[in-house]
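What follows is one structure encoded as structure tokens, with my remarks underneath.
The values are calculated or read from the model by the stated rules, or taken from the named source; none is laboratory data. A quick note: this is a predicted structure, and the numbers were derived from the prediction, not measured. Positions of Cβ are backbone-derived with ideal geometry, glycine not excepted, and every protein chain shown enters the neighbour counts. Ligands, DNA and RNA are excluded from the accessible area calculation, which covers all protein heavy atoms including side chains. Shrake-Rupley method; radii C 1.70, N 1.55, O 1.52, S 1.80 Å.
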Amino acid sequence: MGRHLFCRDAHTRELLKMFNIDGQIERLDMLSGQDLTFEDDIKTKIVAGTKREKMQTSFGFFQRSRNAIMGAADAVRRVAVKGGFGDDNRRTEAVIITTDGMIWTGCANGSLVQWDGNGNRLQHFQYHSVAVQCLCTFGLQIWVGYASGTVQVLDLEGNLLAGWVAHSSQVIKMAVGGGYVFTLANHGGIRGWNVMSPGPLDGILRSELAGKEFLYTRIENLKILAGTWNVAQGRASQDSLVSWLGSAAGDIGIVVVGLQEVEMGAGVLAMSAAKETVGLEGSSAGQWWLDTIGKTLDEGSTFERVGSRQLAGLLIAMWVRNNLKAHVGDVDAAAVPCGFGRAIGNKGAVGLRIRVYDRVMCFINCHFAAHLEAVNRRNADFDHVYRTMTFGRPSNFFNAAAAGTSSAVQNPLRPKGIPELSEADMVIFLGDFNYRLDGISYDEARDFVSQRSFDWLREKDQLRTEMGVGKVFQGMREAVIRFPPTYKFEKHQPGLAGYDSGEKKRIPAWCDRVLYRDSRSAHVSECCLDCPVVSLISQYDACMDVTDSDHKPVCCIFSVDIARVDESVRRQEFGDIMKSNEEIRYIIDELSKIPETIVSTNNIILPNQDTTILRITNKCGENDALFEIICEGQSIIDENGQASDHHPRGSYGFPQWLEVTPAAGIIKPGYIAEVSIHLEDFPTLEVFLDGVPQNSWCEDTRDKEAILVVKVRGTCNTNETRNHRIRVRHCCSSQTAQLDPRPNGSEQVQGNLLHRADYQHLSSSYDVVSHLRNLRSP
């Protein structure tokens, strides 16, 4: 499956129509047998000057670089569009036919498309941004499996009923059986989901399980180290890294490092923009930092790097202690540029999202607008990052090889416009936020720092002021600052004497910060399943002895309590509730009932090119009935009118001489479904070789009989059906054609006497209705 939907003749397999992804019919002579491929090379040569000029202001630097940066990004974007990446994102990945006869396709961009039986595109739905991997249908529902591990349930109108993260890797197959929809993940895991959910059982089960929450709730404690450092395009010594991250040697479970200004310059920004356009990232400078920090953390023996993301000079990376890896998964990365019209990564944010003990945590490394007066720009940068950061592209996850593409852990039912970050159980922002001190001179600030009068200095902090009036980092917390301002220092100048003493004499400021939000609210502050993540800060400090940059690295250690569900205990309690709750047992019995149905006749005789209407009546007054018609087998009628030479049809469908339309459908309570039984003009002889039907090109004038089985089931019953057997005879000889096909006095109604209707209410004026009460199913 790809960018086209093909329609073939059911008998000859001849290609009849070809539809593109927009539902338009394309000419068959345009099909070349192979998709056209686009090949092109992008060769970018960035010529650097022999002497690197020191930029006096960031404005001058960016103004001179703008053309080169935007030109490189636009060139790659044009090639990507010309190469057809857009169409590739819309290629068809899965297709099913639902009970109502509609065709549904799932696409690589996560969209779902509804088609009618003639190939007309009817509706388009987009509930998830990740590729659809498989589709499954049962009853009145459509189940969708995504590459993110998410499963969604829709009704036949396309309305989203439910969605959840079913697996930690992509869902590649779904099947129905035993009252469950089973999902198969790429890593081999299989899970079963009751077909009655979503449904009336959900509220009762949720209430019953909540009453037993204390039995299956477990509290886990986790230590997280979050460190931020603006490295000013430099490199750190091993001693500096040990001073900054050395505390991780203790009982730290997760280490998150955010770096700013790993590398800068017009060429770097241009190359980064070009890479981002085609989904690439990273650099040699960034890799050096990853490798060097990994060595400091004893990567491989003690810690494992599970994810990283780089955007120009911004880099975030995460390491997890080996004994914790089994409880960490679903790692995803994201990036949001904030520079040059929100397009270039000289300012912006990179983030990682993980699932720890089934709780979602996000870590965001930011670098906001510089300069004392740019408070509003910094506020706007945060707002842009918070609202637009979307985790959809997998990061370098440690078990990606075994588990396939890591999943985007997001709520598929999230309303549009609601930020993804708002749904995380814990969010940690770290980075060079660039907020300065207002209303204080350089000398005054130096004096207060030397006296360690940080309380008074905090009153001048722009970030504290803006948070106080709700303009930025709304709802977030920060530990009390008890360390000196971390900016700006002369490189390799130890102690507090190293503050900028040059011509500009930049006022010291706490540019480098760590802020967070957990699950606590005004109503709940104790760790429980309703407030699953509660954190305390045990250390918040700056490494003042590190002199490799004009910023000091900052380290924040969190002690996090996480409430998780013990699934084995919860499953046991769930089973006990299902067995003992009388209301649940009653609802299950009602949902499992098969509606009572009758058919208008059990015997049909079809002369050449004739049509008969078979009526199936749903006598139940409450529930829909689902029907499916199959051919159990066919026989040859001998001279004595007896069936012989029987051949089961199995999965080969209806005989070539018989057309049944529709072969499946839904019957509303008290309604009638009309099925057209039509004799096809197909005189060729169909013979069986090793049980497989084959065509023989000679005229077949023998009388034939097919046994049709009308299988009726309820909307939630996957195990049982109520079957009606219908004998359909094709009569070529006059003697057999005179046989009465109306047992029990039922009438045969010819198709040319009635107009076709999908549903007719019992009160409608049809001659056959008065006879239906006397009919009995075989």
Residue within region 423-435 that is under 23 Å from V534 (Cα atoms), crowded, with 17+ Cβ neighbours inside 10 Å, modelled with pLDDT under 90 and not polar (S, T, N, Q) present: no
Pair list, Cβ under 7 Å, 6 or more apart: region 152-177 residue farther than 13 Å from L135 by Cβ and free of Cβ contacts under 8 Å to residues at least 40 places away in the same chain, other residue surrounded by fewer than 17 Cβ atoms within 10 Å (Cβ to Cβ) and not charged (D, E, K, R): D155/L161; L161/P198
Test: residue in region 238-248 that is under 30 Å from D100 (Cβ atoms), of a type outside the set (D, E, K, R) and either touching a residue at least 12 places away in the same chain (Cβ under 8 Å) or loosely packed, with under 15 Cβ neighbours inside 10 Å (or both): no
Any hit, region 547-556, residues being among the acidic types (D, E), modelled with pLDDT of 95 or more, touching a Phe, Trp or Tyr at 6+ places or on another chain (Cβ under 7 Å) and within 24 Å of F429 (Cα to Cα): yes
Selection status of S525, among the polar types (S, T, N, Q), under 23 Å from A374 (Cα atoms) and open to solvent by 30 Å² or more (accessible area, probe 1.4 Å): no
Cross-chain or 6+ apart pairs with Cβ under 6 Å, region 584-613 first and within 24 Å of G641 (Cα to Cα), then of a type in the set (S, T, N, Q) and surrounded by 17 or more Cβ atoms within 10 Å (Cβ to Cβ): T601/S746; I604/T612
Residue within region 237-251 that is under 23 Å from H492 (Cβ atoms) and part of a loop (DSSP other than H, G, I, E, B) present: yes
Qualifying position, being open to solvent by less than 10 Å² (accessible area, probe 1.4 Å), more than 23 Å from F627 (Cβ to Cβ) and touching a Gly at 6+ places or on another chain (Cβ under 8 Å), among A131, A166: A166
3 or more residues open to solvent by less than 30 Å² (accessible area, probe 1.4 Å) and modelled with pLDDT under 90: qualifying strands (runs of 3 or more DSSP E) within region 570-659: 625-637
Leading residue by the ranking (nearest to G149 (Cα to Cα)) among those in region 120-138 that are touching a Ser or Thr at 6+ places or on another chain (Cβ under 8 Å) and not in a strand (DSSP E or B): V130
Sole residue being more than 24 Å from R191 (Cβ to Cβ), small (G, A, S) and either at pLDDT below 95 or in a strand (DSSP E or B) (or both), chosen from G106, G145, G117: G117
Given (1) buried (at least 17 other Cβ atoms within 10 Å of the Cβ); (2) among the small types (G, A, S); (3) not in a strand (DSSP E or B), index of the condition A563 fails: (3)
Restricting region 544-560 to residues that are out of contact with any Cys (no Cβ under 7 Å at 6 or more places or on another chain) and either charged (D, E, K, R) or not in a strand (DSSP E or B) (or both), the residue that is surrounded by the fewest Cβ atoms within 10 Å (Cβ to Cβ): D545
